[in-house]
1. Being open to solvent by 10 Å² or more (accessible area, probe 1.4 Å), basic (Lys, Arg) and modelled with pLDDT of 95 or more is the requirement here; does residue 138 meet it?
2. So is residue 73 over 22 Å from residue 239 (Cβ atoms), in a helix (DSSP H, G or I) and not basic (Lys, Arg) or not?
3. On the given criteria, is residue 74 of a type outside the set (A, V, I, L, M), under 14 Å from the mean Cα position of the chain (by Cα) and closer than 22 Å to residue 107 by Cα?
4. Filter region 187-210 down to residues that are assigned to a loop (DSSP other than H, G, I, E, B) and modelled with pLDDT of 95 or more, then give me how many there are.
5. Quickly run through region 1-42 and pick out the residues that are modelled with pLDDT under 95, farther than 22 Å from residue 190 by Cβ and in contact with a strand residue (DSSP E or B) (Cβ under 8 Å, 6 or more places away or on another chain).
6. Mind checking whether some residue in region 232-243 is of a type in the set (Ser, Thr, Tyr), crowded, with 20+ Cβ neighbours inside 10 Å and in contact with a Cys (Cβ under 9 Å, 6 or more places away or on another chain)?
7. Given the criterion open to solvent by 40 Å² or more (accessible area, probe 1.4 Å), in a strand (DSSP E or B) and among the charged types (D, E, K, R), identify the matching residue among 100, 87, 63.
8. Suppose we keep only residues that are more than 20 Å from the chain's Cα centre (by Cα) and open to solvent by 60 Å² or more (accessible area, probe 1.4 Å) within region 4-24. Which one would you say is nearest to residue 206 (Cα to Cα)?
Amino acid sequence: MSMTRIVGSEILDGLAADDPAARRSRRDLWRVHRVMGTRSIIRRALRGTTASVPDNRPLRVLELGAGDGSLMLGVARALAPTWPQVELTLLDRQDLVSLEIIENYARLGWTVLVQVVDALEWAAGTTGSLQKANGLARWDLIVANLFLHHFEDSQLAVLLNSITEKSYGFFACEPRRTWFSLAGSHLAGLIGAGAVTREDAVLSVHAGFRDKELSALWSADPDEWQVQEYSAGLFSHCLHAERVGRS
């Protein structure tokens, strides 16, 4: 029996950035990512992305719903030997990225721009400074992690359409909506997760994806994009799209 997708309001999204419960929940996410194998999943998906990027400029990457930037930092440390120059924009509706995080990126040769804006405003074209990546037409890559499941299908369609217009590639790693994942989410307390994370983990699975649900919302011309949607690890569901050519 399949699970109907239900998008609920997660507790963390309604907490102030400096709320102790929010800080605890963001720390919990490190444990959640380890269990889900998120960094390995993202790293494997992105390794070949630089192949079509010109040698005379850095790779331009935008992360939507970046949080405090720590997840992508873990990925950056693994990719830095083959991604020596990256201009990374971390977009989130809360200002969570610390100077320490930015300095850690700098040690890898990555420059970071923090943008505090709602992703749907970005998608709607109301954030002028982010419509282009450093004046260029498209981002080389847009990444989203445990982010798309926060949106209803109608909102997702708008967001994904904007991504197709503004990028050469896109990768998303989301919760997989299965009974097995749901059972796992109810055990989040076993990895030391606090009350906020324990409740949000269950809501995340209910709002997650399966089969080709994200592909169905990807409205770009199939002759212009190669799109893969697949399960990864025990609990994750991914969408990986690359533009054919760079016109």
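The values are calculated or read from the model by the stated rules, or taken from the named source; none is laboratory data. No experiment lies behind these values; they were computed from the predicted model shown. Because the Cβ atoms are built from the backbone with ideal geometry, glycine has one as well, and the counts that use them run over all protein chains shown. SASA here: full protein model, heavy atoms, side chains in, ligands and nucleic acids out. Shrake-Rupley method; radii C 1.70, N 1.55, O 1.52, S 1.80 Å.
1. Considered against the rule, which asks whether it is open to solvent by 10 Å² or more (accessible area, probe 1.4 Å), basic (Lys, Arg) and modelled with pLDDT of 95 or more, residue 138 comes out as no.
2. yes
3. Here the answer is yes, as residue 74 does meet what is asked.
4. 3
5. Selection gives 42 alone.
6. yes
7. 87
8. 4
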